[in-house]
Structure formats: C-alpha cells, structure tokens
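First up is the structure itself, then whatever we jot down about it.
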Amino acid sequence: MLDAVERLLGGTQPSGGAFYLHGDDEWTKGEIARRLIEVHLDPATSDFNFDRLRGADVDVEQLASVLGTPPMMAEYRVILLTEVEAFSNSKRARKVLFDTVDSPPPGLALVMTGTKPSGSRAKYYGQLEKAARSARFDPLAHDDVPGWLMERARDRLGVEMEPEAARALGHAVGTNLGMLVQELDKLAGFVEAGAAITRSDVEAAGTYLPVQDRWAWFDQVGERRFDAALEALPVLLSQGESGVGLVIGLSNHVLRLAVLRLAGPAAL
C-alpha cells in the first residue's frame with residue numbers, strides 16, 4: 001500500500017497535483033486516499049485547507065469555487081472528491097474538473113475516487129486516468145486472501161499468522177477487506193505477545209468458522225483423497241460454495257503451483 005502511495009507521489013514527499021483512484025476495491029481506495037491526504041495536509045490548518053466533496057451532491061458553481069481556492073497559511077490545500085462518476089453526464093462539470101486536472105494550480109492536492117459503471121463506454125474515465133496520476137484497485141481475489149492476511153499481520157501488526165488461521169478467517173469473512181482488517185486487528189490484540197495467530201485463536205475470538213473450508217478441500221483433491229473430497233463436497237455446497245466456483249478455484253490453485261515450481265515465488 002505504501003508502494004502505491006509512493007508511485008502516485010513519484011517519491012515519498014508531497015507533490016500536489018491531481019490523483020485519481022478507481023476500481024471496485026472501495027476499502028483500498030479509501031486507505032490510499034487517506035494517506036495522500038495525510039501527506040499533504042498540515043493538521044494545524046486543516047480547518048482552512050481541507051474540503052470533502054461528493055460528486056452526486058456538489059453543483060458546478062461550488063465545484064469551481066472550491067477548486068479555485070488557494071491554500072491558506074500552508075503549502076497545500078487538499079480536496080477529497082468522491083464519486084467522480086457523477087460528472088460523466090454533465091459537460092459543464094467535466095469542463096470545470098478537467099480545467100483543474102489538466103493544469104493543477106500550485107498548492108492544490110486534489111484526491112479523486114470513483115468507480116466506472118459496469119459496461120460503460122464513456123470516454124470520460126479513460127481521459128481522467130490519463131490526465132491525473134491514476135491507480136486502479138480491483139477487489140482481492142478469494143485465493144489471495146490468506147496471503148494478504150498473513151502479510152498484513154506481519155508487516156502492519158508485527159504478529160505472525162499461521163496459514164491455517166488465515167485460510168479459516170478468509171473463508172469465514174470472504175474478500176471484504178474492511179471486515180478482514182477488523183477481525184485481524186481483534187486477533188492481534190487477542191493473542192499473547194510474541195505468539196502467532198492460530199486457527200484456535202480465530203475460533204476463540206468468536207469468529208464463525210465453516211465446518212469445511214475450500215482450501216482444505218483443495219488439499220484433499222491435490223493429495224488424491226478423493227473419497228474425503230466427495231464426502232466434503234455437499235458440506236461446501238450447503239455453505240454457499242458453487243461447483244463452478246470450486247472448479248475455478250482449484251484450477252487457479254494448480255496454476256499457481258505450476259508458476260511457483262517453474263519460476264519461483266517472485267513470479268507469483
């Protein structure tokens with residue numbers, strides 16, 4: 001996540017300008033936006049130099065006024081503009097926005113977030129990506145959840161998380177990063193200092209764990225324990241898994257193993 005911020009800034013220092021965060025991963029977009037705001041905003045003058053606007057609520061005149069206001073007693077004025085997709089059908093709003101994005105005035109840090117509607121062919125989104133410093137954030141794939149949890153536990157919370165615990169938590173919560181972060185923070189405070197988070201800790205912390213998780217089922221298939229896999233299949237389906245989803249997940253699992261064997265961990 002820090003790497004994404006540095007790529008947008010072109011380094012570690014505030015740079016100002018226009019930033020556009022897009023994609024369907026709302027949690028990560030929110031986290032990156034918050035970090036960009038923290039980098040640029042002087043807390044002592046935040047009352048004068050920070051505005052939060054929502055595309056669906058702001059009118060063209062207000063948008064132009066806020067974008068044109070210089071910083072007061074600080075190096076940067078920061079504007080968080082969410083739901084920029086609301087401007088896609090307004091020629092006047094798009095002109096006001098692009099006049100600023102194409103040539104940001106000194107002292108402005110404009111942080112925009114948005115989600116392109118499914119199936120939209122509007123050129124507006126591509127133009128915005130090119131004009132601003134842009135980054136796309138797609139939802140975390142189901143099979144990436146355990147690794148993401150273990151990495152975040154280690155790098156952000158200073159605690160190790162055992163693979164079985166990460167798999168169990170990921171299967172219970174899904175790909176909602178906001179909920180995963182809440183559960184992980186709870187677990188980090190639950191275990192003793194220096195101890196790793198185990199599956200037992202996940203259970204003891206009150207997280208509902210399915211009777212059968214998909215990764216254990218993948219292991220059964222991979223280890224050719226087909227009778228056990230067949231017995232567990234109705235349980236998985238009763239928990240909301242689908243046959244198509246399991247086949248895709250198993251195929252993805254096998255492909256990743258092949259990549260790992262042929263090209264090493266870095267290739268993943």
Item checked: Close pairs (6 angstrom Cβ cut-off, 6 or more residues apart or separate chains): farther than 22 Å from Arg52 by Cβ in segment 98-122, in a loop (DSSP other than H, G, I, E, B) anywhere -> Ala122/Ser88
Note to self: Just the residues that are β-branched (Val, Ile, Thr) and either more than 19 Å from Glu223 (Cα to Cα) or outside any helix (DSSP H, G or I) (or both), please, taken from segment 242-258.
What the structure shows: Val244
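Take the residues of segment 18-38 that are open to solvent by 50 Å² or more (accessible area, probe 1.4 Å) and within 21 Å of Val66 (Cα to Cα): which is nearest to the chain's Cα centre (by Cα)?
Arg34
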Checklist line | Set Ala172, Ala166, Ala266: member being under 14 Å from Pro146 (Cα atoms) and either open to solvent by 70 Å² or more (accessible area, probe 1.4 Å) or touching a Pro at 6+ places or on another chain (Cβ under 6 Å) (or both) | finding: Ala166
Item checked: Cβ-Cβ under 7 Å pairs, at least 6 apart or on other chains, segment 247-263 side free of Cβ contacts under 8 Å to residues at least 12 places away in the same chain, far side assigned to a helix (DSSP H, G or I) and open to solvent by less than 80 Å² (accessible area, probe 1.4 Å) -> Val259/Ala267
Item checked: Among (1) under 24 Å from Glu26 (Cβ atoms); (2) assigned to a loop (DSSP other than H, G, I, E, B) - the single one Met179 does not satisfy -> (2)
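Considering Leu53, Leu63, Leu80, which residue is more than 25 Å from Ala153 (Cβ to Cβ), under 20 Å from the mean Cα position of the chain (by Cα) and without any contact (Cβ under 8 Å) to a residue 60 or more places away in the chain?
Sole residue among the options that is more than 25 Å from Ala153 (Cβ to Cβ), under 20 Å from the mean Cα position of the chain (by Cα) and without any contact (Cβ under 8 Å) to a residue 60 or more places away in the chain: Leu80.
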Next item on the list: For Asp155, work out the one condition from (1) without any contact (Cβ under 8 Å) to a residue 40 or more places away in the chain; (2) part of a helix (DSSP H, G or I); (3) open to solvent by less than 70 Å² (accessible area, probe 1.4 Å) it doesn't fulfil.
Entry: (3)
Check: Could we say that Val58 is among the hydrophobic types (A, V, I, L, M, F, W, C), modelled with pLDDT under 95, surrounded by 12 or more Cβ atoms within 10 Å (Cβ to Cβ) and closer than 19 Å to Ala33 by Cβ here?
Finding: yes
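Looking at Leu233, Leu246, can you tell me which residue is over 18 Å from Asp143 (Cβ atoms), surrounded by 14 or more Cβ atoms within 10 Å (Cβ to Cβ) and touching a Leu at 6+ places or on another chain (Cβ under 9 Å)?
Leu233
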Checklist line | Residue in segment 193-214 that is open to solvent by 60 Å² or more (accessible area, probe 1.4 Å), touching an Asp or Glu at 6+ places or on another chain (Cβ under 8 Å) and part of a helix (DSSP H, G or I) present | finding: yes
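Could you please give the count of residues in segment 182-192 that are farther than 29 Å from Leu237 by Cβ and assigned to a helix (DSSP H, G or I)?
Residues meeting the conditions: 5.
So that you can scan it fast, the table gives a plain yes or no per residue for (1) more than 16 Å from Val84 (Cα to Cα); (2) not β-branched (Val, Ile, Thr):
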residue	(1), (2)
Thr115	no, no
Gly126	no, yes
Arg133	no, yes
Ala141	yes, yes
Asp155	yes, yes
Gly158	yes, yes
Item checked: Residues being over 26 Å from Val39 (Cα atoms) and open to solvent by less than 20 Å² (accessible area, probe 1.4 Å) - total across segment 87-143 -> 3
Notebook entry, point to check: Counting only residues that are closer than 18 Å to Pro105 by Cβ and in contact with a Phe, Trp or Tyr (Cβ under 7 Å, 6 or more places away or on another chain), which one in segment 1-36 is modelled with the highest pLDDT?
Noted result: Leu36
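The values are calculated or read from the model by the stated rules, or taken from the named source; none is laboratory data. Small disclaimer: the values here were computed from a predicted structure and weren't measured. Ideal geometry is used to build each Cβ from the backbone, glycine not excepted, and the neighbour counts take in all protein chains shown. Accessible surface areas use protein heavy atoms only, side chains included; no ligands, DNA or RNA. Shrake-Rupley method; radii C 1.70, N 1.55, O 1.52, S 1.80 Å.
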